[in-house]
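The values are calculated or read from the model by the stated rules, or taken from the named source; none is laboratory data. Keep in mind the model is a prediction, meaning the values are calculated, not measured. Here the Cβ positions follow ideal geometry from the backbone for every residue, glycine too, while neighbour counts run over all protein chains shown. Side chains included, ligands, DNA and RNA excluded: accessible areas come from the protein's heavy atoms. Shrake-Rupley method; radii C 1.70, N 1.55, O 1.52, S 1.80 Å.
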Amino acid sequence: MSKEIHIISFDVPYPADYGGVIDVFYKIKALHEMGVKIHLHCFTKGRIEQPELEKYCSSVHYYSRGTGHKGISFQWPYIVASRINESLNTRLLQDDFPILIEGIHCSYPVFDPRFEGRKIVVRLHNFEHEYYDSLYKSSSHLLKKIYYQFEKRLLLKYEQKLAKMATILALSKTDAATYRTKLGAKNIHYVPVFSPFNKVNSQTGIGSYCLYHGNLGVAENEKAAEWLLKEVFNDIKIPFVVAGKNPPSSLESLAHKQTHTCLVSNPGETEMQDLIQKAQLCIIPSFNKTGIKLKLINTLSQSRHCITNAAGVEGSGLESACHLGSNAAAMKSLVMQLYYQPFEEEEIKLRQHLLEAEFNPKQLAQQVIRWL
């Protein structure tokens with residue numbers, strides 16, 4: 001029997017071109033295919049209305065964020081305060097359908113007394129205060145560091161309250177465990193990430209270069225690319241490509257200092273997937289343990305060898321498909337070993353088993369429906 005629900009998304013989930021919205025968009029598709037009638041509510045900031053979403057949703061509504069001073073609050077974190085919207089609340093109160101909130105960004109209704117007794121489930125996309133702590137540590141911009149530190153403190157208080165009040169679906173085992181042990185969450189469940197990367201299209205044999213890919217406008221990704229250029233590929237003359245959106249000019253300059261390293265700026269989706277598929281190995285270190293790294297799943301479904309560190313796979317269940325290096329020296333050694341090692345059919349079978357077992361969209365949709 002079909003079910004009717006509201007989904008509130010922190011951003012417009014199409015095109016599905018970065019981590020958080022990939023989970024939202026492919027969850028919407030999977031729920032639609034299970035016969036769920038979806039009323040979608042999206043906050044906009046730099047992303048436009050998308051008719052594509054109407055293929056999967058009975059209704060789609062868009063709301064502007066209260067950016068700048070309009071979103072500043074000393075009670076709520078900025079990511080929450082800027083998404084408190086009375087038009088949205090009024091629309092939600094017109095019926096009693098369950099509400100799936102994507103990201104704690106949109107979770108204000110949990111604290112609004114008008115929604116007391118309503119079935120509300122929050123999809124946790126990150127352990128947010130730790131994520132903002134990692135942004136604080138990664139950034140070299142003074143004003144940004146001040147903002148990240150202030151937001152981190154508000155987020156910690158907010159997440160402590162939310163953990164005790166809401167039904168929460170975490171997308172990594174680590175986040176679920178952390179919410180239980182550190183924040184005292186009583187009603188939190190692990191539901192893996194939704195993505196299109198549940199079939200392995202990796203090619204056997206040997207590829208042409210090493211690759212790091214990600215949104216380079218994000219401080220953590222910029223830091224990872226810079227670290228690889230300075231600490232790993234500084235003295236091993238193996239071709240290394242950095243690719244991603246919005247790279248800072250300083251990173252472009254660094255990538256082109258050596259003849260064996262380069263940067264591909266703002267590749268389209270087709271070009272990016274082509275880069276991933278033709279690489280001999282993808283190297284994707286992480287500097288925080290929050291959430292799950294969708295670029296890891298993308299890599300395992302499209303590319304050959306994958307090198308990461310413990311933080312990059314923690315809570316994912318994908319450790320057996322990756323090569324782990326704990327520091328720059330270990331990663332150098334792995335690069336030199338794997339660059340000349342053919343990728344075999346047996347490894348594709350292992351990956352297919354892992355991805356099908358953990359990330360089957362129909363099974364994941366059934367889990368979400370269970371909690372709604």
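Can we say LEU88 is within 24 Å of LEU372 (Cα to Cα), open to solvent by less than 40 Å² (accessible area, probe 1.4 Å), at pLDDT 95 or above and not acidic (Asp, Glu)? Lay out the reasoning, then the answer.
Working: within 24 Å of LEU372 (Cα to Cα): yes; open to solvent by less than 40 Å² (accessible area, probe 1.4 Å): yes; at pLDDT 95 or above: yes; not acidic (Asp, Glu): yes.
Answer is yes for this residue.
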Can you find a residue that is modelled with pLDDT of 90 or more, open to solvent by 10 Å² or more (accessible area, probe 1.4 Å) and either under 30 Å from LEU31 (Cα atoms) or assigned to a loop (DSSP other than H, G, I, E, B) (or both) anywhere in the stretch 221-234?
yes
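Condition check: in contact with a Phe, Trp or Tyr (Cβ under 9 Å, 6 or more places away or on another chain) and either open to solvent by less than 60 Å² (accessible area, probe 1.4 Å) or modelled with pLDDT under 95 (or both). Does ILE7 satisfy that? Spell out the reasoning first.
On the way: in contact with a Phe, Trp or Tyr (Cβ under 9 Å, 6 or more places away or on another chain): no; either open to solvent by less than 60 Å² (accessible area, probe 1.4 Å) or modelled with pLDDT under 95 (or both): yes.
It is false that ILE7 is in contact with a Phe, Trp or Tyr (Cβ under 9 Å, 6 or more places away or on another chain) and either open to solvent by less than 60 Å² (accessible area, probe 1.4 Å) or modelled with pLDDT under 95 (or both).
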Leading residue by the ranking (farthest from ASN85 (Cα to Cα)) among those in the stretch 11-48 that are open to solvent by 10 Å² or more (accessible area, probe 1.4 Å) and acidic (Asp, Glu)
GLU33
Subset of the stretch 133-146 that is open to solvent by 50 Å² or more (accessible area, probe 1.4 Å) and not in a helix (DSSP H, G or I) - its residue that is nearest to SER82 (Cα to Cα)
HIS141
Among the residues of the stretch 113-132, the number that are closer than 18 Å to TRP76 by Cβ and exposed (fewer than 14 other Cβ atoms within 10 Å of the Cβ) is 2
Matching residues in the stretch 178-220 (outside any loop (DSSP other than H, G, I, E, B) and either modelled with pLDDT under 90 or open to solvent by 50 Å² or more (accessible area, probe 1.4 Å) (or both)) number 7
Taking SER301 as meeting all but one of (1) of a type in the set (Gly, Ala, Ser); (2) in contact with a Phe, Trp or Tyr (Cβ under 8 Å, 6 or more places away or on another chain); (3) not in a helix (DSSP H, G or I), write down the number of the exception.
(3)
Within the stretch 235-261, considering residues that are touching a helix residue (DSSP H, G or I) at 6+ places or on another chain (Cβ under 6 Å) and assigned to a strand (DSSP E or B), the one surrounded by the most Cβ atoms within 10 Å (Cβ to Cβ):
VAL242
Taking the residues in the stretch 292-303 that are of a type outside the set (A, V, I, L, M) and open to solvent by less than 10 Å² (accessible area, probe 1.4 Å) as candidates, determine which candidate is nearest to the chain's Cα centre (by Cα).
THR299
Would you call SER249 more than 30 Å from TYR26 (Cβ to Cβ) and of a type outside the set (Asp, Glu)?
yes
Cβ-Cβ under 6 Å pairs, at least 6 apart or on other chains, the stretch 147-168 side over 30 Å from GLN367 (Cβ atoms) and in a helix (DSSP H, G or I), far side open to solvent by less than 10 Å² (accessible area, probe 1.4 Å) and not aliphatic (A, V, I, L, M):
GLU151/PRO77; LEU154/PRO77
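Of a type in the set (S, T, N, Q) and either over 18 Å from SER202 (Cβ atoms) or touching a Gly at 6+ places or on another chain (Cβ under 8 Å) (or both), is that true of ASN298? Step through it out loud before you land on a result.
Values: of a type in the set (S, T, N, Q): yes; either over 18 Å from SER202 (Cβ atoms) or touching a Gly at 6+ places or on another chain (Cβ under 8 Å) (or both): no.
The answer is no for ASN298.
With in contact with a strand residue (DSSP E or B) (Cβ under 6 Å, 6 or more places away or on another chain), closer than 30 Å to LYS349 by Cβ and touching a residue at least 40 places away in the same chain (Cβ under 8 Å) as the only criterion, which of LEU228, LEU294 stands out? Lay out the reasoning, then the answer.
Values: LEU294 fails: in contact with a strand residue (DSSP E or B) (Cβ under 6 Å, 6 or more places away or on another chain).
Step by step, each of LEU228, LEU294 is checked, and only LEU228 is in contact with a strand residue (DSSP E or B) (Cβ under 6 Å, 6 or more places away or on another chain), closer than 30 Å to LYS349 by Cβ and touching a residue at least 40 places away in the same chain (Cβ under 8 Å).
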